[in-house]
Amino acid sequence: MYVRIISLGSNWWAAHSANRSDPYCFRRSAAWFNSAGLRYGRRLRFCWIHPGQVRFNQRSGFHPEFPHRSIGRTFLSNGPQIFGDRTHLLFSHPENHCTPDGYLVAVNETLHGRIDFNLSDWKSAGVQAISISSRGQRYEAVLLMGAGDWVASDLGRWMITEDGRHFALAVSALEVAS
């Protein structure tokens, strides 16, 4: 499956190889993880109601000092897998000239409005939650979506744009006519 990254969660961490005698153990066999989290002052908290993570291996072409460079890029992935009650999405390597099968997007209450995750119709059937952190009215969710999928908030329905590059409020034909 080819997945284009529209946006990523706010929580980042890394893992390195167990061989600490290797001077390149923090780069050669490293893995970088991204997930939903909530910032409280200077602290970042998981607050998971749906635990999961996105993983970039060293061969994925991901650069940890410049994570924004992965935005808009398409990566090869086997799709979401469940390990130990967590959803994992591994990106193996970038694919430059291909049509994405899915889109990775991070949503939060500040930019996208309130979402009631207790309702069954907060998302279309094709949306897969990778990670959701929530506490009170605050939330962040990392979601895998298809081209026609949507997420509903108190502001309206959010969808991937037709060009597959952005996540925006859907405009209905009635809104355009008025």
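The values are calculated or read from the model by the stated rules, or taken from the named source; none is laboratory data. Here the structure is a predicted model, which is why all the values come from computation and not from measurement. Methodologically, a virtual Cβ is constructed for each residue, glycine included, from the backbone with ideal geometry; neighbour enumeration extends over all protein chains shown. Heavy atoms of the whole protein, side chains included, go into the accessibility calculation; ligands, DNA and RNA do not. Shrake-Rupley method; radii C 1.70, N 1.55, O 1.52, S 1.80 Å.
Put simply, of HIS68, HIS88, HIS97 the only residue that is within 16 Å of the chain's Cα centre (by Cα) and either within 21 Å of MET1 (Cβ to Cβ) or surrounded by 15 or more Cβ atoms within 10 Å (Cβ to Cβ) (or both) is HIS88.
In the set SER134, SER153, which member is in contact (Cβ under 8 Å) with a residue 60 or more places away in the chain and either β-branched (Val, Ile, Thr) or over 30 Å from CYS98 (Cα atoms) (or both)?
Result: SER134 is the single residue among SER134, SER153 that is in contact (Cβ under 8 Å) with a residue 60 or more places away in the chain and either β-branched (Val, Ile, Thr) or over 30 Å from CYS98 (Cα atoms) (or both).
Starting from residues that are part of a loop (DSSP other than H, G, I, E, B) and hydrophobic (A, V, I, L, M, F, W, C), keep the ones in the range 140-159 and report whichever is surrounded by the most Cβ atoms within 10 Å (Cβ to Cβ).
Checking each candidate, the answer is ALA147.
Out of all the residues in the range 122-139, is one or more open to solvent by less than 20 Å² (accessible area, probe 1.4 Å), touching a helix residue (DSSP H, G or I) at 6+ places or on another chain (Cβ under 9 Å) and at pLDDT 95 or above? So far as the range 122-139 goes, yes, one or more of its residues are open to solvent by less than 20 Å² (accessible area, probe 1.4 Å), touching a helix residue (DSSP H, G or I) at 6+ places or on another chain (Cβ under 9 Å) and at pLDDT 95 or above.
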